[in-house]
Amino acid sequence: MEAGKVFRIGGLEINLPIVQGGMGVGISLSGLASAVANEGGIGVISSVGIGMLDQYGGKGVSLANIEGLRAELRKAREMTAGVIGVNIMAALSDFGKMLKTALQEQADIIFVGAGLLLKIPEEIDFALIEKAKSKIAPIVSSGRAANIIFNYWDKHYDRVPDAIVVEGPLAGGHLGFKQDTLDNPANLLENILFNVKKVIEDFETKYKKKIPIIAGGGIHDGSDIADILAKGADAVQMGTRFVATEECDASAQFKQSYIDSRPEDIVIIKSPVGLPGRAINCDYLKEVAEGHRKPINCLWKCLHGCDYHNAPYCIARALTNAQQGHLEEGFAFCGANAHKITGLMKVKELMNGLKMELEAALEKILAGEK
């Protein structure tokens with residue numbers, strides 16, 4: 001662990017060990033991702049629901065998703081020479097199409113969460129992955145999930161993912177935990193990190209390569225970054241901190257909901273897809289909690305596990321409404337520390353501040369080690 005050390009994923013070199021988390025629907029697109037990449041981190045475009053945004057609608061959501069992702073990646077490439085990633089949910093009904101699009105557009109790295117990244121979709125073969133030179137990084141919330149993925153890839157593909165993201169229970173959006181286990185000490189980010197690190201050690205030896213671990217969930221400042229790096233992570237994933245930036249692709253109203261939030265406003269909800277999620281409480285969520293059912297006109301069954309006939313609301317529509325500023329008809333997902341955000345800033349200002357905080361914190365840690 002050294003201040004200023006370059007973070008690597010295979011042949012990719014990243015100057016700052018910061019991965020901007022992929023946030024959907026439409027919160028992290030080309031604007032935010034390119035701004036982060038320009039400052040030396042990894043900028044990440046969220047693929048989920050792009051086809052529901054106004055600029056890509058009118059063609060059928062599935063086709064619009066593909067065209068939207070392609071367009072956002074190309075826009076990002078025009079705005080940065082830095083590292084651009086894509087976040088794709090394995091639970092998406094069009095996961096294979098979105099993964100293929102990201103590979104065709106040669107995204108530098110593809111993060112896959114919301115499900116175990118096991119069997120590669122039939123429309124994709126590893127020749128396409130090799131040609132694209134895209135790195136693959138699953139997102140997990142336990143050592144057990146990491147073990148399943150790495151053993152499956154080792155057995156069936158004679159290779160393993162290039163990196164892995166470990167998300168703890170303080171993350172925003174859908175969480176990879178049962179609601180009654182969120183406060184279990186075993187699920188602290190540092191404990192999950194330790195378990196995942198043990199899992200991949202043998203695979204690093206077998207394949208003679210470093211498999212970086214990116215840790216996320218509740219990382220707010222440079223001190224948090226230094227602390228988790230000292231515990232064995234190679235980089236961090238941060239989403240919430242990037243929402244209240246000028247370059248974030250969300251509406252001004254969405255960003256302001258973060259700035260105005262208080263600790264008591266941040267709640268755990270039960271998503272229609274059956275997972276707990278962390279969000280900023282609002283009238284919309286209060287009405288849902290009181291038993292009011294929102295009308296659903298399913299334009300596209302976005303998730304395999306969604307029973308939209310019985311769901312209390314359409315989460316894709318609610319998140320799209322929020323992204324576009326209609327918070328009376330939706331809500332904002334967020335991380336546990338959203339209430340610590342007090343104002344809007346540019347990505348450059350945020351990244352410079354994080355870098356300074358990180359260097360100062362690492363110096364203290366290293367001084368204590370000597």
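The values are calculated or read from the model by the stated rules, or taken from the named source; none is laboratory data. Nothing here was measured: the structure is a model prediction, and the numbers come from that model. We place every Cβ from the backbone using ideal geometry, glycine too, and count neighbours over all the protein chains shown.
Is it true that Gly216 is buried (at least 23 other Cβ atoms within 10 Å of the Cβ) and closer than 30 Å to Lys75 by Cβ? Answer is yes for this residue. Of the residues making up region 182-213, those that are touching a residue at least 12 places away in the same chain (Cβ under 8 Å) and of a type in the set (Val, Ile, Thr) are Ile192, Val196, Val199, Ile200, Ile211, Ile213. Say we look at region 202-220 and pick out the residues that are in a loop (DSSP other than H, G, I, E, B) and in contact with a Leu (Cβ under 7 Å, 6 or more places away or on another chain); which of these is farthest from Met23 (Cα to Cα)? That would be Gly218. Filtering Lys355, Lys301, Lys348 for residues that are at pLDDT below 90 and at negative phi leaves a single hit, Lys301.
Residues in region 283-297 that are assigned to a loop (DSSP other than H, G, I, E, B) and buried (at least 19 other Cβ atoms within 10 Å of the Cβ): none. Among the residues of region 257-274, some residue qualifies, meaning at least one is under 19 Å from the mean Cα position of the chain (by Cα) and in a helix (DSSP H, G or I). Considering region 68-103, and only residues there that are among the polar types (S, T, N, Q) and in contact with a helix residue (DSSP H, G or I) (Cβ under 7 Å, 6 or more places away or on another chain), the residue that is farthest from Ala37 (Cα to Cα) turns out to be Thr101.
When you scan region 77-95, do you find a residue that is free of Cβ contacts under 8 Å to residues at least 24 places away in the same chain and crowded, with 20+ Cβ neighbours inside 10 Å, even just one? Checked region 77-95: no residue is free of Cβ contacts under 8 Å to residues at least 24 places away in the same chain and crowded, with 20+ Cβ neighbours inside 10 Å. Ile149 meets all of the listed conditions (1) modelled with pLDDT under 95; (2) crowded, with 17+ Cβ neighbours inside 10 Å; (3) within 24 Å of Leu175 (Cα to Cα) but one, namely (1).
Residue check: is Val236 in a strand (DSSP E or B), closer than 30 Å to Gly31 by Cα, in contact with an Asp or Glu (Cβ under 9 Å, 6 or more places away or on another chain) and not small (Gly, Ala, Ser)? So Val236 passes the test.
Apart from one condition, Glu328 fits all of (1) closer than 17 Å to Gln256 by Cβ; (2) in contact (Cβ under 8 Å) with a residue 40 or more places away in the chain; (3) touching a Leu at 6+ places or on another chain (Cβ under 8 Å); the exception is (3). Please verify whether region 317-334 includes one or more residues that are modelled with pLDDT of 80 or more, buried (at least 19 other Cβ atoms within 10 Å of the Cβ) and in a strand (DSSP E or B). The answer is yes; a qualifying residue exists. Of the residues in region 40-57, at least one is more than 30 Å from Val6 (Cβ to Cβ) and charged (D, E, K, R).
Evaluated against (1) at pLDDT 95 or above; (2) more than 15 Å from Ile341 (Cβ to Cβ); (3) in contact with a Gly (Cβ under 8 Å, 6 or more places away or on another chain); (4) hydrophobic (A, V, I, L, M, F, W, C), Phe203 falls short on exactly one condition, (3).
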